[in-house]
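Coordinate-derived values only; no laboratory data. Fair warning: this is a prediction, and the values are worked out from it, not measured in the lab. So basically every Cβ, Gly included, is an ideal-geometry build from the backbone, and we count neighbours across all protein chains shown.
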Amino acid sequence: MFFVNRVLSGKKTFLLSLILFIISGAVSCSGNIDNYSYIGFFPGEGIKGYDGSWHNMSDGLPEDFNAEYITSDSEGALYLTTEYSGIFRLGKGESKWSDISSPVLKRRTQLEGINEYRQISAFCIDPADKSKLYLATKHTLYKSADRGESWQKINVVENKNSYYFTSITVVDGVIYAGTSFNGIVKITPSSTSEINDGIPKEYYVGPFHFCEEVSSLAASNGVLYSGYLFGRGMVESRDWKNWKPVNIPVKDDKREGVHFISPFNDSIYISTSESIYRYNPASQKIEVSSLQKEVSNSYKKDGPALLFVKGSSSNPPLFIKRNITEYIPEKESKSGNKQALYVSWGMINTNFKGFLDIVDRNGFNAVVIDVKDDHGIINAPVESKTARELGAIRNTNIKDIIKQLHNKGIYVIARNVTFKDKKMYEAYNGKYAIWDKFSNKPWVGLPREKWCDPYSKFVRDYNIEIARETAKLGFDEIQFDYIRFPTDGLVGRCLYRYREKDDTYKSEILGDFLQQARQECGVPVSVDIYGFNAWYRFGNLIGQDIQFLSRFVDAIYPMVYPSHFGASFYRRYSDSDRPYWIVRDSSIRSIYHARGRTVIRQWIQGWNYLSPTWGPDYILKQVKGVHDGGGLSYSFWNPGGDHTMADKAFNGKKP
């Protein structure tokens with residue numbers, strides 16, 4: 001610097017000195033982890049380090065990624081996992097992240113031009129050997145023995161591709177994995193066993209239950225610890241079989257989740273979306289840690305969403321996932337803030353005026369109409385050579401109906417049943433039906449249900465063609481129903497002859513379909529999912545992984561009819577209050593699982609079915625549940641399109 005100042009003079013000297021000062025300052029605040037006490041992920045901005053203020057440290061990372069988890073090994077190397085961009089490592093003393101992803105972690109797809117990874121849903125470093133890493137891509141476990149330079153699939157005995165792994169820890173070479181709804185599984189090379197006595201559960205019918213999602217696992221001094229989402233706290237097991245609760249004083253008993261458990265000296269540190277707690281296993285006392293105030297001073301409301309606190313002599317390493325995701329699609333999306341009624345063709349043909357009177361009187365602003373129905377019949381004059389070959393087209397006055405609704409300012413939604421399609425199933429000698437691997441004939445589940453193979457490009461393209469043609473008629477949104485694999489009958493006999501890769505997840509092929517449909521339809525697209533797929537991430541059972549599918553649609557309709565939940569479910573509430581709590585908590589969970597990036601427009605119950613308290617109050621409590629759960633949108637389902645009970649409930653007032 002002295003030499004430069006001697007050679008140059010005046011303004012030139014000042015400008016060059018200023019430039020060199022800025023450059024030197026940037027270098028001193030590089031991506032090197034040694035410079036920072038905290039590492040944060042800021043959505044849309046990347047990774048930053050904190051030394052009193054935040055500095056960029058995203059060198060080597062993709063431009064657009066969603067971080068899932070940040071942690072470090074015993075030597076201080078950082079590991080970053082992402083939702084669909086793979087896994088990265090930043091070594092101690094380094095300033096640029098290394099991509100340590102493997103092709104085996106790639107998303108399986110039949111679409112052209114897709115080059116991304118599966119979501120990394122769980123990750124851990126073997127505490128006994130920093131070179132050994134473990135991760136899960138939802139239903140599949142992998143291990144690396146060389147710090148991520150190579151990855152090998154772990155054979156999970158009796159997994160059957162159904163466990164949805166959400167957390168991992170390793171103790172003496174044995175894997176303990178948390179799941180989305182099956183609790184905790186102990187995995188050895190020869191066996192897989194569930195150890196769930198005493199963990200948080202929701203009973204469904206009789207003794208049949210679902211376990212709450214295991215969001216974190218850790219072991220210390222012969223004790224295994226397990227944390228949960230949605231205010232369900234943490235449990236501990238001293239015999240590694242039976243669990244007892246640790247009474248964390250959660251602030252939000254419906255939204256607060258335990259995201260990291262970190263043993264340190266004689267204490268256990270627990271980070272939730274709301275606070276940091278310190279637990280003494282000997283005295284069983286728990287309190288808010290003094291670290292909470294120190295950490296909270298490093299961030300404001302606008303970020304970071306994820307925070308990693310480096311370990312020191314006074315505190316353990318901690319991962320913090322903050323509950324700051326904004327649910328903005330309701331206000332900004334074309335599909336947002338819609339209160340809809342379903343109308344059947346029976347109602348259209350017999351009393352459409354009466355239906356419209358209910359819409360007008362109560363201020364509903366959206367209507368759902370069947371275009372492609374449960375049998376594959378298309379109730380619209382679409383242009384499709386295949387549909388004509390199938391004899392699927394039924395001429396209707398659909399254009400006039402759309403015009404009437406648009407004249408009233410109504411948002412018109414086309415319900416298109418997708419893979420349940422009798423017309424396609426029976427055509428072409430069953431060529432596109434799901435096949436029965438034993439009878440060598442088209443598979444039959446329930447006698448009335450005829451299912452086509454979602455892995456078939458022809459089947460997917462046909463449904464997208466019908467959706468495109470439907471949009472041309474003037475519909476504002478295409479809603480895909482039966483966008484799943486079959487659930488009833490002997491599903492173990494199903495053979496999917498068009499599956500190109502045997503390890504393709506069912507959710508991945510549904511994602512292919514929706515990603516293509518959204519690109520081609522020209523209007524918003526939405527999907528119906530089972531109500532319980534809003535509660536837990538079921539993934540590969542029927543393919544309705546709400547988190548994955550939320551990336552490709554404008555709205556998701558969880559079917560949360562209170563009558564359709566099991567007889568034992570939520571029985572801690574009275575018959576009259578149960579509809580409210582089911583809908584409210586469905587709203588909370590579905591918004592969370594969908595990452596707040598798509599409209600959640602719940603299907604709520606508009607007909608009397610197994611509903612002992614049926615009446616106007618039943619209707620109003622469901623709507624209140626939507627609102628109290630953070631939503632604005634909902635749709636009333638009544639199979640016949642008869643919404644007289646909703647009319648009584650609102651009594652001419654806007655719902």
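Side notes on the structure shown:
- Averaged over residues, the count of other Cβ atoms within 10 Å places the peptides 607-617, 87-97, 43-53 in the sequence 87-97, 43-53, 607-617, highest first.
- Here each label is just a point 7 Å from Cα along the line to Cβ, and for Ser190 and Asn247 those points are 4.3 nm apart.
- Scanning residues 5 or more positions from Tyr69 or on other chains, those with amide H under 5 Å from its amide H are Thr81, with H placed 1.01 Å from N in the peptide plane.
- A simple charge model with +1 on the Cβ of Lys and Arg, -1 on the Cβ of Asp and Glu and nothing else charged puts the dipole of segment 340-429 at about 120 debye relative to its Cα centre.
- For segment 38-124, the pair-distance distribution built from all alpha carbon pairs, in bins 10 Å wide starting at 0, is 17, 50, 27, 6, 1 percent.
- For His564 and Asp400, the difference between the fully extended length at 0.36 nm per residue and the C-alpha to C-alpha distance is 55.5 nm.
- Computed [θ] at 222 nm, helices only, for the chain once each DSSP H run of length n ≥ 4 contributes -39500 (n - 2.57): -6500 deg cm²/dmol
- Part-to-part distance (alpha-carbon centres) for segment 571-594 and segment 62-98, which is given in Å: 36 Å
- Counted charge near Cys211, where neighbours are those whose Cβ lies closer than 13 Å (Asp, Glu -1; Lys, Arg +1): -2
- Between Tyr411 and Ala366, Val367, the built amide H atoms are under 5 Å apart, and every one of these is 5 or more places off in sequence or on another chain.
- Filter on Lys399/Lys450; Lys353/Lys654; Lys138/Lys186; Lys254/Lys285 - keep pairs with C-alpha separation over 21 Å: Lys399/Lys450; Lys254/Lys285
- Extension gain (nm, one decimal) between Val205 and Val174, 0.36 nm per residue minus Cα-Cα: 7.9 nm
- Eigen-decomposition of the gyration tensor built on the alpha-carbon atoms of segment 196-350 gives equivalent ellipsoid semi-axes of 37, 24, 10 angstrom, largest listed first.
- An oblate overall shape is assigned to segment 490-535, the ratio a/c of its alpha-carbon gyration tensor axes (a ≥ b ≥ c) being 1.5 or greater and a/b not exceeding b/c.
- Normalised alpha carbon radius of gyration of segment 417-505 [divisor 2.2 N^0.38 Å]: 1.13
- Helix 578-593 axis, angle to the chain major axis (alpha carbon atoms, nearest 10°): 50 degrees
- Expressed as a fraction of 2.2 N^0.38 Å, the value expected for a compact globular protein of N residues, the C-alpha radius of gyration of segment 230-269 is 1.27.
- Each DSSP beta bridge with both residues in the chain is either parallel or antiparallel, and the antiparallel ones are about 70%.
- Extreme residue, positive dipole direction of segment 581-632, given options Tyr609, Gly625, Ile591 (C-beta unit charges): Ile591
- Rel. contact order, % - alpha carbon contacts under 8 angstrom, at least six apart, segment 267-401: 13 percent
- Taking the charge dipole of segment 423-494 about its Cα centre, with +1 at Lys and Arg Cβ atoms and -1 at Asp and Glu Cβ atoms, the residue from Trp451, Phe475, Ile464 reaching farthest to the positive side is Trp451.
- Nearest-20 debye value, segment 376-463 charge dipole, Cβ charges on Lys, Arg, Asp, Glu: 120 debye
- Cα-based helix-to-principal-axis angle, 398-407 vs the chain, degrees rounded to 10: 60 degrees
- Using only side-chain charges placed at the Cβ, +1 for Lys and Arg and -1 for Asp and Glu, the dipole size of the chain relative to its Cα centre rounds to 640 debye.
- Cα-based radius of gyration of segment 332-435 once divided by 2.2 N^0.38 Å, which approximates compact folds: 1.24
- For the chain: relative contact order, % (alpha-carbon pairs under 8 angstrom, 6 or more apart): 10 percent
- Taking the longest Cα principal axis of the chain as reference, the axis of helix 506-521 is set at about 70 degrees.
- Hydrodynamic radius (Kirkwood) for segment 122-219, which is based on Cα pairs only, to one decimal in Å: 13.8 Å
- Segment 516-585: equivalent-ellipsoid semi-axes (sqrt of 5 x gyration tensor eigenvalues, Cα, Å): 29, 13, 8
- Over all pairs of different C-alpha atoms, segment 435-575 has a mean inverse distance whose reciprocal, the Kirkwood radius, equals 16.5 Å.
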